[in-house]
Amino acid sequence: MILAVRMGALFGSVLFAAGVACAAPAGNVDTDASKIELVPHRAVYDLKLERSRNNRSAEAVSGRILYDFSGNSCDGYALQFRQVSEMNNGEGKAQVSDLRTITWEDGTATSYRFKSQNMLDQKQVETVDGQADRKTDGVAVNLTKPGQKKFDAEASIVFPTEHMRRIIAAARKGQTILELPVFDGSETGEKVFSTLTVIGTPIPADQRIPTDAAAGQAALKGMIRWPVTISYFDKDSKNGEQTPIYSVAFELYENGISRALMLDYNDFILRGDMSVLEIKDTKPCH
């Protein structure tokens, strides 16, 4: 999928800082991360081309991301994500991609359901439907689309919401680098990514005050945020030195809300400005 989620509880990238945030033992949720509650919210990000590194790759790009996140650590976390992008290569050719993803992740990171559909010029080019369940010795994945398939993944992988919670836990500790394998059900539902997360210096609430939809939100008042960059790599690559498949940079609040997106697809970079932010009522977790 073009970027899904990874945003999904995530947002979700680049290489500076020092120190290592250690992952929890394989198959266990990090203790600090499991205590983090993410706030349910609906956000809209308006996309536009920030810059192109290859003049032929993208003359103009625009679009929008809808990110609708709900739930809690008791009932699990649900995400509805949609990204619509229109790209013009400068030769009179424009393509519209429409990616729709629905996921649910157990609050203990033991079960993950995912369903996505990717359209290009209103024609379906990809569909994925499946579930992943954490066992004592690994993660069992059961796909029903694009075809029936079962396989096992390594026990150390994390799902998207757990990934986000671990990033916040690491940021609170002052750690600056986190490396984890991530499974989000993207592409054909069989891909595991190696990820490198770089966490920058905290931004106090009274500095670099947002002027987007995050401005004036009572739920964000007095809350610090961190500049975060997550780079995604092909875990199966045999090359010694790798470049990211893509990366996403953003400012991350302690409650999981993200703003000021930068989506780097190598050939070009998209900027995502938050135009809508609706923070939902939080259901108590008992």
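What follows draws every value from the coordinates through simple rules; no lab data is involved. The structure displayed is predicted, hence computed values, not measured ones. All Cβ positions, glycine included, derive from the backbone under ideal geometry; neighbour counts span all protein chains shown.
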Inset, instruction - For Ser111 paired with Arg51, estimate the spin-label separation in nm (one decimal), with each label point 7 Å from Cα along the Cα-to-Cβ line. - result: 4.7 nm
Legend entry - Where a label projected 7 Å from the Cα of Glu91 along Cα→Cβ would reach, residues of region 113-149 with amide N under 19 Å: 121
Legend entry - P(r), alpha carbons of region 31-275 - 10 Å bins starting at zero, rounded %: 7, 28, 39, 22, 5, 0
Legend entry - Under 17 Å from the Cα of Lys283 - aspartates and glutamates, other chains or at least 8 residues apart: Glu37, Asp68, Asp75, Glu105, Asp106
Inset, instruction - For a footprinting-style exposure proxy, rank His41, His163 by other Cβ within 10 Å, fewest first. - result: His41, His163
Inset, instruction - Beta carbons within 10 angstrom, averaged per residue: use that to sort the peptides 245-257, 75-87, 202-214, highest first. - result: 245-257, 75-87, 202-214
Inset, instruction - Could you rank the peptides 261-270, 149-158 by their average count of other C-beta atoms within 10 Å per residue, with the highest value first? - result: 261-270, 149-158
Inset, instruction - Could you list, in their original order, any pairs among Lys145/Lys235; Lys35/Lys191; Lys135/Lys221; Lys123/Lys149 whose Cα atoms are separated by more than 31 Å? - result: Lys135/Lys221
Inset, instruction - Tell me the label-point distance for the pair Ala60, Lys235, using the 7 Å Cα-to-Cβ offset, in nm and rounded to one decimal. - result: 4.0 nm
Legend entry - Anisotropy class of region 113-166 from Cα gyration tensor, a/c 1.5 cut: oblate
Inset, instruction - For each of Ser258, Ser62, Ser70, count neighbouring Cβ atoms within 10 Å of the residue's Cβ, then give the residues from fewest to most. - result: Ser62, Ser70, Ser258
